[in-house]
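Working notes, structure below.
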Amino acid sequence: MRTQRVGRLEIDWTKADAEIEKSARLAFSDAYSEYLCGGPWKSCMLWAAGGDRGDGLVTNYDFTQRPAITEYGRQLPYLSGLVERYFNLDFLNFARLAVISNSVIIPHRDLLELGEIPEKKRNAHRLHLPLLTNEHCFFMEENTVYRMRAGEAWFFDASCPHSAASFSQDKRVHLMLDFSDVDDGRKLLRFMPEKEAGIPTDSICTRRPMSSREHDSLLTLSGVIDLDNYRDIFAVLIKRHYRRDGGDNFIWKTFLKIAKASGNRDLYQKACELHRYFLIERAA
Ligand code: YCP
Ligand code: CO
């Protein structure tokens, strides 16, 4: 499904907040943190194949087993209840809490490494349900920056290049649901969705265009980039693009340009490998 808000859910925030607080005592996985520059990506499985909470890496679960609630899901009955009330469990593969703070995600596509999993079983549709967020948290899809607000439900096209950012120390907590394939995404919902309309304008953050002076200054980072600091430079590019529109594919294009202009062949090779891994092809 393409990225769009599908509705606003009715949530008892006293109960939800109490369980978010309680979840802080559970063991979160750091899986996928290499996608981030800054704080880690922390996740905790409430629903997964065989009810096994596993290690958080989707490709390490046994997709021949029926997805079921995990011990962590059982310890958070209100949040699991939301999943049961609003979504179709027949297609639900995973439900996880995803937590970030003070971090940016490298633009990437998901699902690339799921090719070994039978087509009918593998994750194909994703929904986000922001539970705790703030005005300093953003998403980016292609070159659109937008916000998801607490209590909204969103279809999220994880096959499209995307990134997320939190410019705050406060935790951003989302429920993230992954479903196997269905012919019509509405079958995943147990509520009436909003009219299909892509990312609503009231969720989009408009950015001023990046000036050519700023663009040129960023390119001079080729004089300092090396294998020790390239992730810091990546973070600078990502953060700037959330604030100023550098144009289509600005982050990767500029990163590769800087890496190439550095004259450091090992670094440029690393940059090309990363580009391939995050956007084109990766093994499980
Ligand atoms: C996401 N994709 O886009 C996740 C975060 C890496 C994979 C971790 O939210
Ligand atoms: Co992703």
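Exactly one residue out of Asp228, Asp248 is more than 19 Å from Gly38 (Cα to Cα) and either charged (D, E, K, R) or modelled with pLDDT of 95 or more (or both): that is Asp248.
Residue by residue, here is whether (1) in contact (Cβ under 8 Å) with a residue 12 or more places away in the chain; (2) within 16 Å of ligand 2 (Cβ to nearest atom); (3) out of contact with any His (no Cβ under 8 Å at 6 or more places or on another chain) holds:
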| site | (1), (2), (3) |
| --- | --- |
| Thr70 | yes, no, yes |
| Ala98 | yes, yes, no |
| Val104 | yes, yes, yes |
| Leu112 | yes, yes, yes |
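Given the criterion touching a residue at least 24 places away in the same chain (Cβ under 8 Å), of a type in the set (D, E, K, R), within 16 Å of ligand 2 (Cβ to nearest atom) and surrounded by fewer than 21 Cβ atoms within 10 Å (Cβ to Cβ), identify the matching residue among Asp17, Asp30, Asp12. Result of the check over Asp17, Asp30, Asp12: Asp30. Residues in the range 40-58: is at least one within 14 Å of ligand 1 (Cβ to nearest atom), part of a helix (DSSP H, G or I) and at pLDDT 95 or above? Yes: the range 40-58 contains one or more residues that are within 14 Å of ligand 1 (Cβ to nearest atom), part of a helix (DSSP H, G or I) and at pLDDT 95 or above. Taken over the range 243-284, the criterion of being out of contact with any helix residue (DSSP H, G or I) (no Cβ under 6 Å at 6 or more places or on another chain), of a type in the set (A, V, I, L, M) and not in a loop (DSSP other than H, G, I, E, B) is satisfied by Leu274, Leu279. Quick check: anything in the range 78-89 within 16 Å of ligand 2 (Cβ to nearest atom), in contact (Cβ under 8 Å) with a residue 24 or more places away in the chain, farther than 21 Å from Ala124 by Cα and not in a strand (DSSP E or B)? Scanning the range 78-89 turns up no residue that is within 16 Å of ligand 2 (Cβ to nearest atom), in contact (Cβ under 8 Å) with a residue 24 or more places away in the chain, farther than 21 Å from Ala124 by Cα and not in a strand (DSSP E or B). Within the range 138-174, being farther than 16 Å from Arg5 by Cα, crowded, with 23+ Cβ neighbours inside 10 Å and more than 16 Å from ligand 2 (Cβ to nearest atom) holds for one residue alone: Val173. Consider Tyr268 carefully, then state whether it is surrounded by 14 or more Cβ atoms within 10 Å (Cβ to Cβ), within 23 Å of the chain's Cα centre (by Cα) and among the aromatic types (Phe, Trp, Tyr). So Tyr268 fails the test. Screening Glu71 against (1) closer than 27 Å to Asp170 by Cβ; (2) surrounded by fewer than 16 Cβ atoms within 10 Å (Cβ to Cβ) leaves a single unmet condition, (1).
The values are calculated or read from the model by the stated rules, or taken from the named source; none is laboratory data. Quantities reported herein were computed from a predicted structural model and do not represent experimental measurements. Please note: Cβ atoms are built from the backbone with ideal geometry, for glycine as well, and neighbour counts cover all protein chains shown.
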